[in-house]
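Before any comments, here is the structure.
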Amino acid sequence: MNTYSRIIGTGSYFPEKIMTNKDFEKFLETNDEWIVTRTGMKERRIAAKGEYTSDMGAEAARRALDMAGVKPTELDGIIVGTFTPDTTMPSTGCRIQDKIGAGHCFAFDLSAACSGFIYGCNIANGLIRSGSAKKILVIGADNLTACVDWRDRGTCILFGDGAGAAVLSADLEPGIRSIHTYAAGEHGELLKQDNLGTKYLRDLRHEPIEDNMIKMKGNDVFKIAVRAMADAAGEAAEAAGFSSEDIDWVIPHQANMRIIEAAAKRLNVSMDKVVINIQQYANTSAATIPTALDQYVREGKIKKGDNIVSAAFGGGLTWGSMSFTF
Ligand code: UT7
């Protein structure tokens, strides 16, 4: 009998502090109207002093485990999609393992920027389907505001902090139906950060470090992203055999409202079926998809049996998509 992997619990966490578009007007030549029209974003969350990627990830993980009815000690592994680890060693995965009391399952970080959650699900799905694991926690968590350049209006307005998590479990019913992941290293310079752990950046340095700031050629990335996200979303639907009528929800990475609209158009799906939280949280990198999923599950909009198509795109450049039945 076939073993599938299915998402049996979701969780998310956002820091309390809100930064609005208006707040940027105080120190940058920008305005609410430009940001809303070009991106769809209205506000984003900022991690508190002493609050790091592993803290946000651990809280999202606790909520996902609680929904799944799974004890931390039952986990076979923890995969954390992040490019803003507290420190490069120990990994955020190991820190979260300790914080939630997960026992000695495997734990590691996966660096695929905004595509980290889909990359993580791909690995978890493979391990579960091959029989190597039964329950894996996949987390997407990022503390982007620790490494944005607050002088660059083309990037700092785009990002926020947050974490989302999902428990993937072996199941006889199909959950995940297709996953595809891609990378194009030759375009790596278009969106980059020469990383140091965020704990170092926030605690030990009190002046900006140029090399550690996120740098992006926004318009070049936009052109590649819009096509890659739409193609990946189409591929996910086709691989699952979902027609546009079969799709209950589309969960795109929340980088730009115009990219989201292009993905919905490619799938021939109306915007009321598209899960969007970009207005409230902006781009939280690997956290956008699991947090949006969790929000709609908890609001009772996404229900068991719903067919979902999800697609992500990010630094690397990386992208990917997955289709699943919740
Ligand atoms: O999640 C990872 C993947 N990331 C993405 O997918 C992001 C992809 N890129 C984008 O979403 C868009 O390129 C941005 C939202 C970053 C920028 O939008 P755009 O329509 O591509 O604008 P642009 O970079 O071509 O800039 C247009 C103008 C420029 O002024 P000039 O040269 O025409 O005078 C910019 O300097 O808008 C200016 N501009 C701003 N003006 C007011 C750039 N940022 C701002 C700002 N406020 N915050």
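The values are calculated or read from the model by the stated rules, or taken from the named source; none is laboratory data. Small disclaimer: the values here were computed from a predicted structure and weren't measured. As a convention, Cβ positions derive from the backbone with ideal geometry for all residues, glycine included, and neighbour counts pool all protein chains shown. Please note that ligands, DNA and RNA were not included when accessible areas were found on the heavy atoms of the full protein model with its side chains. Shrake-Rupley method; radii C 1.70, N 1.55, O 1.52, S 1.80 Å.
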- Query: Which of the listed residues, Tyr182, Gly154, Leu144, is farthest toward the dipole's positive end in segment 143-183, when Lys, Arg count +1 and Asp, Glu count -1 at the beta-carbon?
  - Reply: Gly154
- Query: So what's the convex hull volume per residue for the Cα atoms of segment 48-201, in Å³?
  - Reply: 127 Å³
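Rg over Rh of segment 127-227, using C-alpha atoms and the Kirkwood radius, what does it come to? Working shown, then result.
Details: Rg = 18.1 Å, Rh = 16.8 Å.
On the Cα set of segment 127-227, Rg over Rh gives 1.08.
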- Item | Point-charge dipole on Cβ atoms (K/R +1, D/E -1) for the chain, about Cα centre, debye to 20 | 320 debye
- Query: Exactly which GluC sites (Glu not before Pro) in segment 191-286 are in a DSSP loop and have at most 13 other Cβ atoms within 10 Å?
  - Reply: Glu245
- When the scattering of the chain is computed by the Debye formula from its Cα atoms alone, each counted once and equally, what is log10 I(q)/I(0) at q = 0.10, 0.15 Å⁻¹? -0.50, -1.19
- Item | Label point distance in nm, Glu210-Glu74, each placed 7 Å from Cα along Cα→Cβ | 5.3 nm
- Message: Take the residue pairs Lys99/Lys273; Lys42/Lys71; Lys42/Lys217; Lys192/Lys273; Lys49/Lys134; Lys99/Lys199 and return only those whose Cα atoms are more than 27 Å apart.
- Response: Lys99/Lys273; Lys42/Lys71; Lys192/Lys273; Lys49/Lys134
- Task: For Arg153 and Arg298, compute 0.36 nm times the residue count separating them, minus their Cα-Cα distance, and round to one decimal in nm.
- Result: 48.8 nm
- Message: How much accessible area per residue does segment 143-255 have, counting only protein heavy atoms and a probe of 1.4 Å, in square angstrom?
- Response: 44 Å²
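Ratio of segment 261-302's C-alpha Rg to 2.2 N^0.38 Å, to two decimals?
Values: Rg = 10.9 Å, N = 42, 2.2 N^0.38 = 9.1 Å.
That works out to 1.20 for segment 261-302.
Indicate the helices, whole DSSP H runs only, in the chain that combine a mean Kyte-Doolittle hydropathy of 0.0 or more with a Cα extent along their long axis of 27 angstrom or more.
On the way: long enough: 218-240 (32 Å, 0.31).
Helices meeting the criterion: 218-240.
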- At q = 0.22, 0.27 Å⁻¹, the log10 of I(q)/I(0) for segment 253-326 from a Debye sum over equal Cα scatterers comes to -1.11, -1.60
- Item | Alpha-carbon radius of gyration plus Dmax, which is the widest Cα pair, for segment 231-296 in Å | 11.5, 33
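Taking all pairs of distinct Cα atoms, average 1/r, flip it, and tell me the Kirkwood hydrodynamic radius of segment 194-326 in Å to one decimal place. Before the final figure, lay out the partial values.
Working: mean 1/r = 0.0630 Å⁻¹.
Computed over Cα pairs of segment 194-326, the Kirkwood hydrodynamic radius comes out at 15.9 Å.
Dipole of segment 43-202, Cα-centred, from +1 at each Lys and Arg C-beta and -1 at each Asp and Glu C-beta, to the nearest 20 debye? Numbers along the way, then the final one.
Values: 17 positive and 19 negative charges, 44 e Å.
Roughly 220 debye for segment 43-202.
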- Residues whose modelled amide H sits under 5 Å from the amide H of Phe159, counting only those 5 or more places away in sequence or on another chain, are Asn283
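Taking Rh as the Kirkwood radius, which is the inverse of the mean 1/r over Cα pairs, what is the Rg/Rh value for segment 28-100? Present the calculation step by step, with values, prior to reporting the outcome.
Working: Rg = 16.7 Å, Rh = 14.7 Å.
Reported Rg/Rh (Cα atoms, Kirkwood Rh): 1.14.
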- What's the FRET efficiency of Lys49 with Ser243 using the Cβ-Cβ distance as r and R₀ = 41 Å, to the nearest 0.05? 0.25
- Note on the structure: GluC sites (Glu not before Pro) in segment 1-103 lying in a DSSP loop, each with at most 13 other Cβ atoms within 10 Å of its Cβ, come to Glu16, Glu29
